[in-house]
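The values are calculated or read from the model by the stated rules, or taken from the named source; none is laboratory data. This one's a predicted model, so the numbers in the text were calculated from it and none came from an experiment. Cβ placement follows ideal geometry from the backbone for every residue including glycine, while neighbour counts extend to all protein chains displayed. The accessibility values were calculated without ligands, DNA or RNA, using every heavy atom of the protein model including side chains. Shrake-Rupley method; radii C 1.70, N 1.55, O 1.52, S 1.80 Å.
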Amino acid sequence: LEVVLDMKTPMSEDDPVETDAMIERALSILDRTDGEWARGLRSDFEEMKKAGSLDRKRIPFESISAAMIFHTRENPPSGESLYIHSCPMVRNGSADWLSREKEILNPYHGSRMLHCGFVKDEIASAS
């Protein structure tokens, strides 16, 4: 979960080098994780890794975010609440992502539309 939360920052800042580093970090973690859920995420991160431009990397980030939102709803974090943000201007509709902060920093559009979106929901801390 941490790497997905951290990945929002370089993507919203249009930083392909740090985004690639985060992808490698996620793949390293998933190499040590079992289960169908982890295999699905690994596939999405592999797709992200192979994508050329940062804009192309943002496409599989949609399904990574959706999977992480589902997982986090089922297994709320302890110690902190998380926010589900949504951007209504992503490709063929809207896309969501997780954030520690209420402030919108859009990973799907970066500097083009950095603050596009809204807080859709909050996942309360388990503790």
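Here are some notes:
- The set of residues from region 85-108 being touching a residue at least 24 places away in the same chain (Cβ under 8 Å), open to solvent by 30 Å² or more (accessible area, probe 1.4 Å) and not in a strand (DSSP E or B) comprises Arg91, Arg100, Leu105.
- Residue within region 8-25 that is open to solvent by 50 Å² or more (accessible area, probe 1.4 Å) and under 13 Å from the mean Cα position of the chain (by Cα) present: yes
- Check on Asp44, charged (D, E, K, R), over 16 Å from Asp14 (Cα atoms), in contact with a helix residue (DSSP H, G or I) (Cβ under 6 Å, 6 or more places away or on another chain) and open to solvent by less than 70 Å² (accessible area, probe 1.4 Å): yes
This table checks each residue for (1) of a type in the set (D, E, K, R); (2) farther than 25 Å from Ser127 by Cβ; (3) touching a Leu at 6+ places or on another chain (Cβ under 7 Å).
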{"position": "Asp15", "(1), (2), (3)": "yes, yes, no"}
{"position": "Leu27", "(1), (2), (3)": "no, yes, no"}
{"position": "Ser43", "(1), (2), (3)": "no, yes, no"}
{"position": "Asn75", "(1), (2), (3)": "no, no, no"}
{"position": "Glu80", "(1), (2), (3)": "yes, no, no"}
{"position": "His85", "(1), (2), (3)": "no, no, no"}
{"position": "Ser94", "(1), (2), (3)": "no, yes, no"}
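- The set of residues in region 118-127 being in contact with a strand residue (DSSP E or B) (Cβ under 8 Å, 6 or more places away or on another chain) and open to solvent by 30 Å² or more (accessible area, probe 1.4 Å) consists of Phe118, Val119, Lys120, Asp121, Glu122.
- Cβ pairs under 7 Å, 6+ apart, first in region 40-67 and closer than 17 Å to Met113 by Cβ, second of a type in the set (Ser, Thr, Tyr) and open to solvent by less than 20 Å² (accessible area, probe 1.4 Å): Leu54/Thr19; Lys57/Thr19; Arg58/Tyr108
- In region 70-84, the residues that are of a type in the set (A, V, I, L, M, F, W, C) and either within 24 Å of Pro16 (Cα to Cα) or open to solvent by less than 40 Å² (accessible area, probe 1.4 Å) (or both): Leu82, Ile84
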